[in-house]
Structure formats: structure tokens, C-alpha cells
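Encoded as C-alpha cells, the structure appears first; notes follow it.
The values are calculated or read from the model by the stated rules, or taken from the named source; none is laboratory data. These numbers come from a predicted model, not from an experiment. Neighbour counts are summed over all protein chains in view; Cβ atoms, including those assigned to glycine, are modelled from backbone coordinates with ideal geometry. To get the accessible areas, we keep the full protein, side chains included, count just its heavy atoms, and leave off ligands, DNA and RNA. Shrake-Rupley method; radii C 1.70, N 1.55, O 1.52, S 1.80 Å.
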Amino acid sequence: RMQNSRSKPCSCPSLKLREVASMYFTMVAAFLVILVVALQGSAPRESHFPYKVPLDPQGLLELSWNVSYPEQAVHFQLLIRELQFGLLFGMSDRGEVENADLAVLWSDGHNSYFGDAWSDAQGQLHMDSQQDYQLLGARRAPEGLYLLFRRAFSTCDPKDYLIEDGTVHLIYGILEKPVHSLQAINISALPGGLQRVQLLKPNISIPELPSDMKTMEITAPDIVIPSQETTYWCYMAELPAGFPKHHIIMYEPVVTAGNEALVHHMEVFQCAAEFDSFPHYNGPCDSKMKPERLNYCRHVLAAWAMGAQAFYYPEEAGLAFGGPGSSRYLRLEIHYHNPLVFKGRRDSSGIRLYYTATLRPYDAGIMELGLVYTPVMAIPPGEDNFTLTGYCTDKCTQLALPAAGIRIFASQLHTHLAGRKVVTVLSRDGRERQVVNADGHYSPHFQEIRMLKEVVAVFPGDELITTCTYNTEDRSRATVGGFGILEEMCVNYVHYYPQTQLELCKSAVDPGYLHRYFNLVNRFNDEEICMCPQVSVPQQFYSIPWNTFNRDVLKSLYGFAPISVHCNKSSAVRFPGEWEKQPLPSITERLPEPVPRCPPAPGPQPAAPVPLNLGQLRRD
């Protein structure tokens with residue numbers, strides 16, 4: 001293991017090592033970079049770990065990583081600023097510390113060890129029989145201890161987490177006392193927390209930026225972050241008068257130094273063009289003082305979440321803003337996550353837009369896919385895995401898309417608090433062709449616009465089918481669709497070019513069929529439920545006794561009943577045509593489930609920890 005060589009840094013390797021390195025370098029370039037860093041004891045250059053996120057609210061633990069698609073592996077660099085007696089770092093389905101897959105650094109007070117472990121349903125740690133977190137090196141620096149390790153996306157070890165596209169819930173725990181063995185650790189009892197990231201960033205080449213590019217910062221005006229756990233802050237900005245049409249070609253976050261762990265996500269919205277002016281506002285988004293008109297600022301220009309990098313538009317397209325028919329008013333919304341309730345922390349974070357007056361060939365557009373915001377789509381209480389599906393039908397794309405089709409290059413998935421998974425699939429002639437975007441560990445607390453690994457071409461007659469999975473185990477009454485945070489949504493905002501008039505392509509169950517469901521429930525129910533037309537749909541859902549029969553019939557209703565299709569132009573007007581009582585698209589061929597690729601076994605790895613020579617771990 002590498003740490004044994006740490007004591008002999010050597011700037012000129014022997015000829016033999018140089019020969020080996022030259023043969024090996026093409027295969028595992030990233031691995032060697034880290035290896036050399038670990039051996040020579042010099043600080044890793046930032047470019048080798050382009051992605052970075054603080055794990056804890058104080059910023060004492062900082063994770064950097066890179067992704068090697070040829071190797072199908074992630075290389076991690078963990079900076080521990082104040083090391084006590086060790087650290088647990090790992091992944092789990094939704095950020096639970098039980099049933100987690102962990103890399104552990106621990107000390108018994110004399111010696112230090114590193115190992116791959118897993119926690120059981122009680123949070124008790126066990127050494128993994130297959131050691132898949134591979135230690136690459138550890139070294140002290142003035143800022144703390146750097147720990148370098150590697151993990152394959154897929155290990156085919158049943159105790160390991162499968163790293164896949166979408167959100168990954170990272171967890172950590174801090175060892176404040178020496179431990180005599182890994183089995184003596186119960187992670188449930190340790191101070192720790194979770195952080196959500198997209199680990200597998202797309203490997204996208206950065207387009208060339210034009211020489212006339214300008215920047216504009218939409219930032220909070222040196223506000224004091226409220227001393228409470230969660231704050232949504234709203235600030236109104238405006239473009240200069242007479243600002244002509246430009247293309248936004250990239251944007252990036254501007255985060256005030258020291259607040260990296262508090263600024264959770266940020267969005268810039270453009271206001272509706274039908275209003276000539278919007279009031280100035282700078283305050284919490286949920287304040288009674290917030291002017292009502294700010295609710296008409298919903299058109300997303302930019303969205304960033306913790307751990308995301310700069311967002312680039314493809315070189316053929318840009319997002320238009322400015323000019324006639326475009327509002328001068330913008331709303332910045334910042335979500336501050338302040339669990340340690342820091343007081344008096346000032347902040348001027350926001351988003352920096354890069355734009356050009358040299359318009360690109362295409363305007364980019366944003367289209368909403370999924371379910372219409374309506375209470376007719378509901379989830380019974382006590383469900384752990386209930387799915388709802390929204391359809392953008394072949395009839396709508398046939399009518400609204402140009403013959404040459406559109407190209408989807410980015411996507412932002414959206415549900416409210418019960419959402420657990422979201423997927424959009426492209427279907428052509430009844431056959432599923434391609435996943436547009438999927439997140440099997442989706443969290444409503446982590447929503448970012450994600451550049452897609454590959455651009456998805458959509459042609460007239462194609463279908464875009466969006467399915468959301470919900471968990472309502474903690475709820476005692478039905479959850480209906482709607483705008484409230486305890487109501488639900490199922491949306492995929494896809495970013496595409498060239499822009500068309502189609503802004504919204506969604507569906508919901510036919511209301512007449514839902515009414516028949518309520519009548520059926522009433523007939524089978526002992527007590528009379530008032531199903532009169534004057535009773536609202538949410539009230540009818542709230543009064544249903546949720547036995548197995550009523551659940552199963554609702555599920556099958558959503559699986560066969562005709563739908564009402566919203567095939568809408570920008571002006572919230574439907575395209576001409578018959579859109580009620582439309583048949584559900586029939587899918588005759590599904591995409592096969594992806595099969596995890598098992599890496600070649602590196603030979604029998606003993607289920608034993610690796611000793612590290614870190615000296616005394618605790619600094620007094």
C-alpha cells in the first residue's frame with residue numbers, strides 16, 4: 001500500500017518505474033495522478049478533483065472527487081480539518097446511517113486503520129468481506145489530513161451501494177473517542193450528517209466562449225442570513241432599460257466566502273412580460289410583506305444546487321433574455337440551510353450570468369413534462385412506493401414539434417416532499433427508446449438543472465413519459481396534486497433547442513372516470529360518503545377509507561383510464577385539437593433494466609483493515 005512509501009519522497013523515479021509508468025499511464029491516468037500525489041506528499045492540484053462540496057455545516061470536512069468513465073470509478077479526496085479519532089464516510093439509499101456502505105478511518109489511541117465496512121439495520125458496523133474502498137494515500141498538510149481513496153461504480157458486492165446517475169446521499173460520522181475495533185462502532189450514536197450530490201457528473205467538453213461575452217451578477221445585497229434552520233430569501237433585480245435581446249451561454253454560482261456550507265441552492269427567475277413593472281423586494285419569500293405580484297416571476301433562467309459546477313449551453317444555442325416581449329424584472333431565490341443556527345452571518349451570494357449580443361443559431365427553450373397540477377392525481381396515505389405517470393403524447397408532439405425535431409440537452413426534475421424517484425423515457429412507435437433523465441434516489445431537497453450525458457433527439461410523433469414514485473408512509477390522509485408543499489407534483493423541466501411554441505406537454509386522468517371511481521368506492525363503503533358534485537375533489541379523496549380495495553382500484557384506474565392532455569403554447573393556450581378523453585399511450589416494448597458491470601476481481605482482498613502511520617491522531 002502506498003502510505004508505506006510516504007517516508008521516501010523521490011522526484012526522479014528509476015528507469016524501470018518510468019517504463020512501467022509509461023505503459024500503465026494510458027490505462028489508469030487518474031489513478032497514477034493520485035498515486036504520485038500520495039507518494040510525493042505534495043498538495044493535490046485542484047484540477048485533478050474538479051468537484052467539491054462541504055460535508056458538514058461548519059465546513060470542517062471537505063469532499064473533492066473526480067469521475068473516470070473508462071475505469072468506471074470515482075476517486076475521492078477527503079480533507080479532514082480537525083481530526084479526532086477517525087471518521088466514517090459513505091453512501092446509503094436516502095441518507096440513513098443504517099444499511100450504509102462505508103469507508104472508515106479509526107484509531108485505537110495508538111495505531112490508525114482504514115477499512116471498507118457496512119452498517120446493519122441497527123447501525124452496527126461490520127468489516128466488509130470484500131474491500132472495495134481502496135486506500136490510495138493519506139498525508140498531513142497545514143489545513144488538515146487528506147485521505148485519498150477510490151471506489152468502482154459497481155462492485156457486485158451485495159453489501160455495497162451501486163453508484164449510478166442522479167442524486168447520491170453521502171453520510172459521515174465523527175469518532176470522538178478511540179475505538180478498539182471497527183465492530184465496536186455504532187454509527188447511530190455518532191455525531192454526523194448527510195450531504196446530497198450528483199457524483200457522476202457528465203463528461204461534457206466545454207464549448208468555446210465568444211470574445212464579446214459579458215457577465216452580470218444577480219446577487220443578494222449583503223443580507224443577514226436569518227438565524228433559523230431553513231430560509232428562502234427573495235430579492236428583485238432588474239435589467240437596464242432598453243436592454244436588447246441577448247443569449248445566456250453559461251452561468252455559475254457566486255458564493256460568499258465562508259458561507260459555502262449554508263447556501264443550499266439558488267435560482268434566478270424572469271417575471272411575466274404582461275406586467276409593466278414589479279415592486280422591489282428584499283426579504284424572506286414566505287413573508288407576509290412579500291408583494292403578491294412576485295408570484296408571477298416563475299420562468300427559470302438559472303438554477304444551481306450545492307456541489308454543481310458552471311452550467312454551459314451547447315454552442316448552437318443560448319437562452320434568450322432582454323428585448324421586446326421579455327420582462328426586465330428578475331427574482332433571485334436563495335435557500336439557506338443553517339442547522340447550527342449561526343447568527344449575524346452576512347451573505348452576498350447569487351448567480352453570475354455570462355451572455356452575448358452575438359446571437360447563436362437557436363434560442364433554447366424550457367418545456368414542462370409530467371402531470372398537470374390538479375387534485376385528480378392523488379396518492380393514498382401509508383404508501384411506500386406509489387407511482388403516478390404523466391404523458392406528453394404523440395398527438396401533441398406531431399402537432400407542435402418541427403419536422404427536424406428538437407434536442408434536449410438538460411433537465412431539472414421536480415416533486416414536492418413525498419417524491420422519491422423520477423424518470424422520463426422517450427418512446428417511439430410504442431417502443432421505449434431512451435431514458436431522457438432518471439433519478440432513482442431523488443430528493444425534493446436537492447433540485448438542480450443537470451446537463452445530460454448525451455443530447456436526446458425528439459421528433460414529431462414521439463412520446464415523453466414521466467413517472468414519479470412517492471412515499472406517504474408518514475401521512476394519514478390522501479396527498480393530492482397541487483401547488484402546496486404538502487400537495488404533490490411530478491414535473492421534468494427539459495431544456496432544449498430550437499425553441500418552439502410548446503411550453504407544456506402534460507396530462508392528468510379524465511375527471512369523468514375519476515368521478516366513477518368515487519361512485520364505486522361509495523357503493524362498497526358502509527358509511528355514506530358525500531360524493532355530490534359540490535364537494536371538491538380533495539375533500540372526496542380525504543373522506544375515502546383507504547382499504548386494500550380502494551387503493552388497488554385507484555392504482556388500476558390510473559393505469560387504464562383515458563387522460564386529459566395539456567398541449568399548451570407559451571400563452572397557456574392549448575394547441576387546437578381534441579385533448580379530452582385521450583387514450584393512454586400503449587407501450588409494447590420496455591427498455592431492459594441496466595445490468596451493473598462487475599469490475600474484474602483484483603485478487604482475493606483480505607477482509608482486514610489497512611494500518612496507517614499517521615502518528616498520534618488526536619492533536620491536543
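In the structure shown, the pairs Lys421/Lys569; Lys52/Lys201; Lys395/Lys569; Lys201/Lys506; Lys395/Lys421 are assessed against 21 Å; a Cα-Cα span above that value is assigned to Lys421/Lys569; Lys201/Lys506; Lys395/Lys421. Packing, as the average of other Cβ atoms within 10 Å across residues, places the peptides 231-241, 414-424 in the order 414-424, 231-241, highest first. Over all alpha-carbon pairs in segment 204-360, figure out the percentage whose distance exceeds 24 Å. The answer is 35 percent, as a whole percent.
The fraction of Cα-Cα pairs per 5 angstrom bin, counted from 0 for segment 346-505, comes to 2, 9, 17, 20, 17, 14, 11, 7, 3, 1, 0, 0 percent, rounded to whole percents. Based on Cα contacts under 8 Å between residues 6+ apart, the chain shows a relative contact order of 14 percent.
Remark: the chain carries a charge dipole of roughly 1160 debye about the Cα centre, counting +1 on each Lys and Arg Cβ and -1 on each Asp and Glu Cβ. Length, then width, then depth: along the principal axes, the Cα atoms of the chain run 79, 66, 51 Å. A Förster distance of 25 Å, applied to the separation of the beta-carbon atoms of Val435 and Thr548, puts the FRET efficiency at 0.20. Placing unit charges on the Cβ atoms only, positive for Lys and Arg and negative for Asp and Glu, gives segment 366-594 a dipole magnitude near 400 debye about its Cα centre. Listed by chain and number, the lysines whose C-alpha is less than 25 Å from the C-alpha of Lys288, apart from same-chain residues fewer than 8 away, are Lys343.
Compute the relative contact order of segment 204-360 as a whole-number percentage, counting only Cα pairs closer than 8 Å that sit 6 or more residues apart in sequence.
Normalised by residue count, the contact order of segment 204-360 is 50 percent.
Label positions at Glu238 and Ser586, each projected 7 Å from the Cα along the C-beta direction, are separated by 5.7 nm.
Estimated from helices alone, the mean residue ellipticity of the chain at 222 nm is -3000 deg cm²/dmol (sum of -39500 (n - 2.57) over DSSP H runs with n ≥ 4, per residue). Our compactness index for segment 308-388, the C-alpha radius of gyration over the empirical 2.2 N^0.38 Å, is 1.71.
Taking only C-alpha pairs under 8 Å that are 6+ residues apart, what is the relative contact order of segment 336-453 in percent? Relative contact order, segment 336-453: 18 percent.
In a simple Cβ point-charge model (Lys, Arg +1; Asp, Glu -1; nothing else charged), segment 204-360 has a dipole of about 340 debye relative to its Cα centre. Note on Trp546: accessible area is roughly 40 Å² with a 1.4 Å probe, heavy atoms of protein only. Over segment 51-201, the fraction of Cα-Cα pairs per 10 Å bin, rounded to whole percents and listed from the shortest bin up, is 11, 45, 37, 6, 0. Packing-based ranking of 185-191, 366-372, 448-454 yields 366-372, 448-454, 185-191, ordered from highest to lowest mean Cβ neighbour count within 10 Å. In the context of the full set of protein chains, the chain has a per residue accessible area of 45 Å² (1.4 Å probe). Of Ser68, Ser427, Val300, which is farthest towards the positive pole of the chain's charge dipole, taken about the Cα centre with +1 and -1 on the beta-carbons of Lys, Arg and Asp, Glu respectively? It is Ser68, whose Cα lies furthest towards the positive end.
Peptides 393-400, 281-288 ranked from most to least packed give 393-400, 281-288, packing being the mean of other C-beta atoms within 10 angstrom over each peptide's residues.
In straight-distance terms, cross-link reach from Lys581 covers every one of the aspartates and glutamates whose alpha-carbon lies under 18 Å from its own, apart from those fewer than eight places away in the same chain; here that gives Asp394, Glu463, Asp510.
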